[in-house]
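*Asks:* Sharing a structure here in structure tokens format.
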Amino acid sequence: MSGTRAAIRYAKAILSVAQDNNTTAKIQIEMNQIAAAIAMSPDLNSALKSPIVKMSEKTAVLDHVFSNSSSEVKALFKTLTKNKRIDLLELIAQEYNRLFDQLNNKEKATVTTAVPMTPALEEKVLEKLKSLSTKEISLTKIVDETILGGFILRVGDQQYNASVSNQLNELKSKFQMN
């Protein structure tokens, strides 16, 4: 939990610097790249979190992998290195993106379906989301055949599960109670 609080503080700090420098959107793109790179590379992730890897080596790896980063992001790397908190980089990037979306009145929604959505259905889902939220919504679509049918909609910290597998599990639990 303390790691998460620290990540939020660092994310707020870099957002504040980015606002002062009028580079919030540029930093957001870089934070997306950082979060994606760490999430997709188990080697990078384990190197950043490893207590065995020297801090100077971690910094060298970051400077090499993110050599085109802005001065604000490079300053963040230096600060995290100095404070021995480089292992929080992925969390900081995720928190920055969340704060950036909040600042710009944006929200992410995820819809999981058993089969790919048709464009008409996607449009209906977006219309429904717009009626539920005043924020600009970006929709991520996931196909998961294990839900059998229906959908699972997640907006922010709320989830609506209308999947067939969920309905079957609810029926199963009702029968087991009786």
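Nothing in this text is a laboratory measurement; each read-out follows from the coordinates by a stated rule. Predicted model only: the values in this text are computed from it and were never measured. Quick reminder, even Gly has a Cβ in these numbers, built from the backbone with ideal geometry, and neighbours come from all protein chains shown.
*Asks:* Would you check the stretch 122-172 for Lys pairs whose C-alpha atoms are within less than 30 Å, ignoring same-chain pairs closer than 8 in sequence, and give me the count?
*Replies:* Numbers: Lys124/Lys135; Lys124/Lys141; Lys128/Lys141; Lys130/Lys141; Lys141/Lys172.
Count of close lysine pairs: 5.
*Asks:* Could you point to the label whose value was computed as Cα extents along the principal axes in Å for the structure here, given [x] 59, 38, 28; [y] 46, 29, 26; [z] 54, 34, 33?
*Replies:* After the calculation, the listed value that fits is [x].
*Asks:* A further question on this structure: Roughly how many Å is it from the Cα centre of the stretch 23-57 to that of the stretch 82-148, as a whole number?
*Replies:* Using only Cα atoms to place each centre, the spacing works out to 21 Å.
*Asks:* Okay, next question. How much length is gained on full extension from His64 to Val115, taking 0.36 nm per residue of separation minus their Cα-Cα distance? All intermediate terms of the calculation are to be shown ahead of the outcome.
*Replies:* Working: separation 51, 0.36 × 51 = 18.36 nm, distance 4.04 nm.
Extra length from His64 to Val115 when fully extended: 14.3 nm.
*Asks:* With only Lys, Arg, Asp and Glu charged, each at its Cβ (+1 for the first two, -1 for the last two), find how big the charge dipole of the stretch 2-102 is about the Cα centre; round to the nearest 20 debye.
*Replies:* 380
*Asks:* Which is farthest toward the positive dipole end of the chain among Thr110, Gln28, Leu89, measuring Cα position about the Cα centre, with Cβ charges +1 (Lys, Arg) and -1 (Asp, Glu)?
*Replies:* Farthest towards the positive pole: Leu89.
*Asks:* Kindly rank 130-143, 10-23 from highest to lowest mean number of other beta carbons found within 10 Å of each residue.
*Replies:* By packing density, highest mean first, the sequence is 10-23, 130-143.
*Asks:* Moving on to the next point. Let's test this: bin the Cα-Cα distances of the stretch 1-95 at 5 Å from zero up to the farthest pair and state each bin's percent.
*Replies:* All Cα pairs considered, the percentages come to 3, 14, 27, 28, 20, 7, 2, 0.
*Asks:* Then there is this: Tell me the label-point distance for the pair Glu170, Leu126, using the 7 Å Cα-to-Cβ offset, in nm and rounded to one decimal.
*Replies:* If labels sit at Glu170 and Leu126, their model points lie 2.9 nm apart.
*Asks:* The stretch 23-113: which trypsin sites (Lys or Arg not before Pro) are DSSP loop and have at most 13 other beta-carbon atoms within 10 angstrom?
*Replies:* Numbers: sites: Lys26, Lys49, Lys54, Lys58, Lys74, Lys78, Lys82, Lys84, Arg85, Arg98, Lys106, Lys108; in loops: Lys54, Lys84, Arg85.
Within the stretch 23-113, the qualifying trypsin sites (Lys or Arg not before Pro) (loop, at most 13 other Cβ atoms within 10 Å) are Lys54, Lys84.
*Asks:* Per DSSP H run of n ≥ 4, the term is -39500 (n - 2.57); total these for the chain, divide by its residue number, and report the mean residue ellipticity at 222 nm rounded to 500 deg cm²/dmol.
*Replies:* Calculated from helices alone, the mean residue ellipticity at 222 nm is -20000 deg cm²/dmol.
*Asks:* Which percentage, to the nearest 5, of the DSSP beta bridges contained in the chain is antiparallel?
*Replies:* 60
*Asks:* Taking θ = phi - 60°, what integer Hz values does the Karplus form 6.51 cos²θ - 1.76 cosθ + 1.60 yield along the stretch 84-99, in sequence order, with x for Gly and Pro?
*Replies:* 6, 10, 4, 5, 8, 4, 4, 4, 4, 4, 5, 5, 4, 4, 5, 5
*Asks:* Let me ask something additional. Can you give the Kirkwood hydrodynamic radius of the stretch 107-177 from its Cα pairs, in Å with one decimal?
*Replies:* Averaging 1/r across every pair of different Cα atoms and inverting gives 13.0 Å.
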